[in-house]
1. Looking at segment 225-234, is at least one residue outside any helix (DSSP H, G or I) and modelled with pLDDT of 90 or more?
2. Only one of (1) surrounded by 10 or more Cβ atoms within 10 Å (Cβ to Cβ); (2) modelled with pLDDT of 85 or more; (3) not aliphatic (A, V, I, L, M) is not met by Trp243, so which one is it?
3. Based on this model, can you work out whether Leu105 counts as assigned by TED's automatic domain parsing to the domain that holds Ile171, among the aliphatic types (A, V, I, L, M), part of a helix (DSSP H, G or I) and surrounded by fewer than 17 Cβ atoms within 10 Å (Cβ to Cβ)?
4. Just wondering, is there one or more residues in segment 145-152 that are in the same structural domain as Ser210 (by TED's automatic domain parsing), buried (at least 22 other Cβ atoms within 10 Å of the Cβ) and touching a residue at least 60 places away in the same chain (Cβ under 8 Å)?
5. For the condition touching a Gly at 6+ places or on another chain (Cβ under 6 Å), surrounded by 15 or more Cβ atoms within 10 Å (Cβ to Cβ) and not basic (Lys, Arg), what is the one hit in Glu122, Glu195?
6. For segment 186-213, which positions are of a type outside the set (D, E, K, R), closer than 23 Å to Ala143 by Cβ and assigned to a helix (DSSP H, G or I)?
7. When you check Phe142 against the structure, is it of a type outside the set (Val, Ile, Thr) and surrounded by fewer than 20 Cβ atoms within 10 Å (Cβ to Cβ), yes or no?
8. Collect the residues in segment 52-98 that are modelled with pLDDT of 50 or more and either touching a strand residue (DSSP E or B) at 6+ places or on another chain (Cβ under 8 Å) or not in a helix (DSSP H, G or I) (or both), keeping them in residue-number order.
Amino acid sequence: MPAWGTQACLPMVLLFASQPWHSPLRPCQGTEHKFADQGSHFTPGAEWQCNALSKDGMPNITHNRLSVDRVLICLSINPYRHVIRRWNWKSACLSAFFRGILILLINLSAGGASAAGAMLVEACYRALTSGFYSALTQAFRFAQPVWAASVIPMILIPIVADSCEFAVHGIRGTPRLLATVAASMVFTAISTLLELFAMRRGVMVMGQNSGSLLEDLKSFPNLLVDIFSEAWRFVLSIFQAFWKGHRAYGKNSMPPQTASRPSPLRSQ
């Protein structure tokens, strides 16, 4: 492994994998930690002192923020620790339930038996795989910048998940295959973004100090309020940027005003 990869990834693994998300991270001076169960060691310094969550539930990292590229490096080096061991059974249960209903409604026009078969296939597929996709989403919840950490899972996970889903439903012979996969891709993109929003607030995560499914469900009303408030702020920011740009363009497009000179006839 190249030296730059080791230097870039090992500090992040200490923060990203070895510690519980909700517990405070303290500087570990003179202590060696195993990396990825492969025998590599790293001695972190005091600059890694931070808290995983602040009082309002948002990440509060005081130094050396977790970057998106380092998350990708850690995922590629050891997917077992970051994906398989963090299989999210809560997301798997909810995804199997809601997606099964969605596929049932889409395929009802092909007959009740066909729709029920498609629903059963979708529920089984999502119950097995959605936990891994949620683990990938959880890996990006503290990454910076926030827009890149949101866009990458929202694009990457639908491509991987729904490509496999297309093959599964194609082998099974789902009647409305294209409509099923198209609706599932839209659902995956939106649900991934919403799940990442919830995970940044400590909901629907897996780890040593994670809450139960019932506790996470009780947090959904507050999450809905936060989602609508953030969406409203986003719309207002776009409107303000558009208005400022429109006013700036109007000022620049106006012709320069010149001072009027008195007419020679009036002077006489």
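1. No: zero hits.
2. If we test Trp243 against (1) surrounded by 10 or more Cβ atoms within 10 Å (Cβ to Cβ); (2) modelled with pLDDT of 85 or more; (3) not aliphatic (A, V, I, L, M), just (2) comes out false.
3. For Leu105, the condition - assigned by TED's automatic domain parsing to the domain that holds Ile171, among the aliphatic types (A, V, I, L, M), part of a helix (DSSP H, G or I) and surrounded by fewer than 17 Cβ atoms within 10 Å (Cβ to Cβ) - is met.
4. Within segment 145-152, the first condition is being in the same structural domain as Ser210 (by TED's automatic domain parsing), and the residues that meet it are 145-152.
With buried (at least 22 other Cβ atoms within 10 Å of the Cβ) added as a condition, the list becomes 149.
From what's left, touching a residue at least 60 places away in the same chain (Cβ under 8 Å): 149.
Looking through segment 145-152, at least one residue is in the same structural domain as Ser210 (by TED's automatic domain parsing), buried (at least 22 other Cβ atoms within 10 Å of the Cβ) and touching a residue at least 60 places away in the same chain (Cβ under 8 Å).
5. Working: Glu195 fails: touching a Gly at 6+ places or on another chain (Cβ under 6 Å).
None of the others qualify; the one that does is Glu122.
6. Thr188, Ala189, Ile190, Ser191, Thr192, Leu193, Leu194, Leu196, Phe197, Ala198, Met199
7. Working: of a type outside the set (Val, Ile, Thr): yes; surrounded by fewer than 20 Cβ atoms within 10 Å (Cβ to Cβ): no.
No.
8. Answer for segment 52-98, where residues must be modelled with pLDDT of 50 or more and either touching a strand residue (DSSP E or B) at 6+ places or on another chain (Cβ under 8 Å) or not in a helix (DSSP H, G or I) (or both): Arg65, Leu66, Ser67, Val68, Asn78, Arg85, Arg86, Trp87, Asn88.
The values are calculated or read from the model by the stated rules, or taken from the named source; none is laboratory data. This structure is a prediction, so every number in the text was calculated from the model and none was measured. Heads up, the Cβs are rebuilt from the backbone with ideal geometry, glycines too, and the neighbour counts pull from every protein chain shown.
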